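The values are calculated or read from the model by the stated rules, or taken from the named source; none is laboratory data. No experiment lies behind these values; they were computed from the predicted model shown. Using ideal geometry, Cβ is built from the backbone for each residue, glycine included, and neighbour counts are taken over all protein chains shown.
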Amino acid sequence: MSLRVDVALQREGFSLEAAFDASVDETVALLGPNGSGKSTVVSILAGLIRPDSGHVELDGIRLDDVPPEERPVGVLFQDLLLFPHLSALENVAFPLRARGAAKVGARRRAAEALERFGMAGRAGARPRDLSGGEAQRVALARTLITEPRLLLLDEPTSSLDVAARARFRRLLSETLRTFPGVRVLVSHDPVEAMTLADRLVVLEDGRVTQAGTPEDFRRAPRTPYAAELVGVNLFAGRLERLPDGAGRLVAAGGELTVAWPPQASDPTEDVLAVLRPADVSLHRECPEGSARNVFHGRIEEIAVEGTRARVRLGTHPALVAEVTLGSVSRLGLAEGTAAWASFKAVEVAVLLPQGTSTGTLVG
Ligand code: ADP
Ligand code: MG
């Protein structure tokens, strides 16, 4: 079983051209900033919006002319749409009734579905009397009741508060793991996507800018958004050769020294370079030693995550360093003060543009 999407749509002020695949043995996260077109893709897959051109194919069958109610697609929409005048049980039974199932059988199956999500005791409740987490469970039960072959979850946790979100995420994880079909999770939350999905498809401004495993993204993010996502430093610019096996990357925000990739021609445009924050050292005084890259700048932000801190520096280029909390206090690092940052040329992974070489990481 698999899903193949290749669609285009033109709207005033927005154009979508998205192609991606998903197979039954993986959860795919469709990830991107707000307004990038994720929900539009969901609506196209559900059959609520017709693309100007292209196709949606599930298990080798084109869905293009199949009306929404006949598609084997279960959707949990972003803005939760439980029917306010129906009970939880009637909401879950509704898709079965709409497909002509007899009332008694539909209610029995709905009751079983609610039971499965720990909602048996709330079967008679109206949506307005349900908490956010309860409503989302009912919505999920309703999405699954028709036993769809494609499960589409559009930002399933975005309407929940932090505590309810954590609980619902566990349920989601279990649901995604056991669902016997293609699963697409739509999210703008990197943590959610990275933890629940096997593969990420990033949509930016209506275009797929990168697709791959979380590991692929960590190793070689291809856009600033993707780099931000995995929390690494990303530089883009022209690579020029230096003596002694080194290269200079001239990026928009500044220059850095990298190891010269053997396959590169001199110069090479559109080179990407990735630097892990943990490979950036911080200092109070200008560091001595062999590091080729030494920068001075203001500490813009210190964000604490557990026992580590991510330090954002207003250097040229801007850098993010990750250090221990011990280092923060030992060095007396504070927002607004200045610090030195250094890293070795070999710690910068250079990614040559596709076409000029294999496009794999070196260094
Ligand atoms: P996402 O789900 O990634 O946040 P959407 O698919 O909702 O993005 O929106 C994509 C683009 O389409 C945005 O520019 C948005 O403003 C526009 N858009 C969304 N819904 C409508 C609508 N009903 N009418 C007109 N434009 C819309
Ligand atoms: Mg959306």
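So which residues in segment 321-351 are part of a strand (DSSP E or B) and either among the hydrophobic types (A, V, I, L, M, F, W, C) or not assigned by TED's automatic domain parsing to the domain that holds ASP244 (or both)? Walk me through how you get there before you give the answer.
Keep residues of segment 321-351 that are part of a strand (DSSP E or B), which gives 321-324, 338-343, 349-351.
Listed by number, the residues that qualify are ALA321, VAL323, ALA338, ALA339, TRP340, ALA341, PHE343, ALA349, VAL350, LEU351.
The set of residues from segment 1-20 being more than 24 Å from GLU228 (Cα to Cα), in a strand (DSSP E or B) and among the charged types (D, E, K, R) comprises ARG4, ASP6, ARG11.
Evaluation of VAL138 against the conditions (1) crowded, with 17+ Cβ neighbours inside 10 Å; (2) in a loop (DSSP other than H, G, I, E, B) shows that the sole unmet condition is (2).
Here are some residues: ALA273, ALA303, ALA318, ALA264. Which one is assigned by TED's automatic domain parsing to the domain that holds ALA246, without any contact (Cβ under 8 Å) to a residue 12 or more places away in the chain, under 26 Å from ALA226 (Cα atoms) and surrounded by 11 or more Cβ atoms within 10 Å (Cβ to Cβ)? Matching residue, one of ALA273, ALA303, ALA318, ALA264: ALA303. Per the conditions (1) in contact with a Phe, Trp or Tyr (Cβ under 9 Å, 6 or more places away or on another chain); (2) not in a strand (DSSP E or B), the sole criterion not satisfied by VAL271 is (2). How about segment 139-185: which of its residues are more than 30 Å from GLY100 (Cα to Cα) and of a type in the set (A, V, I, L, M, F, W, C)? LEU160, VAL162, ALA163, ALA164, ALA166, PHE168, listed by residue number.
Note on segment 38-69: residues that are of a type in the set (Ser, Thr, Tyr) and free of Cβ contacts under 8 Å to residues at least 12 places away in the same chain total 1.
Conditions tested, residue by residue: (1) closer than 18 Å to THR209 by Cα; (2) of a type in the set (A, V, I, L, M, F, W, C); (3) in the same structural domain as THR157 (by TED's automatic domain parsing).
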position	(1), (2), (3)
LEU31	yes, yes, yes
PRO51	no, no, yes
GLY54	no, no, yes
ASP64	no, no, yes
PRO67	no, no, yes
VAL73	no, yes, yes
PHE83	no, yes, yes
SER87	no, no, yes
PRO95	no, no, yes
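Scanning segment 84-109 for residues that are surrounded by 12 or more Cβ atoms within 10 Å (Cβ to Cβ), under 13 Å from GLY124 (Cα atoms) and touching a helix residue (DSSP H, G or I) at 6+ places or on another chain (Cβ under 8 Å) turns up LEU86, ALA88, LEU89, GLU90, ASN91, VAL92, ALA93, ARG107. The set of residues in segment 1-25 that are surrounded by fewer than 19 Cβ atoms within 10 Å (Cβ to Cβ), under 11 Å from VAL184 (Cα atoms) and among the aliphatic types (A, V, I, L, M) contains only VAL24.
Residues are listed down the side, and each one gets a yes or a no for (1) in the same structural domain as GLN136 (by TED's automatic domain parsing); (2) small (Gly, Ala, Ser); (3) surrounded by 19 or more Cβ atoms within 10 Å (Cβ to Cβ):
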| residue | (1), (2), (3) |
| --- | --- |
| VAL162 | yes, no, no |
| VAL186 | yes, no, yes |
| PRO190 | yes, no, yes |
| ASP198 | yes, no, no |
| GLY206 | yes, yes, yes |
| THR209 | yes, no, no |
| PRO214 | yes, no, no |
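The requirement of being closer than 23 Å to LEU140 by Cβ and modelled with pLDDT of 95 or more is not satisfied by VAL66. All of ALA93, ALA101 fail the test of being over 31 Å from the mean Cα position of the chain (by Cα), more than 22 Å from VAL42 (Cβ to Cβ) and at pLDDT below 95, apart from ALA101.
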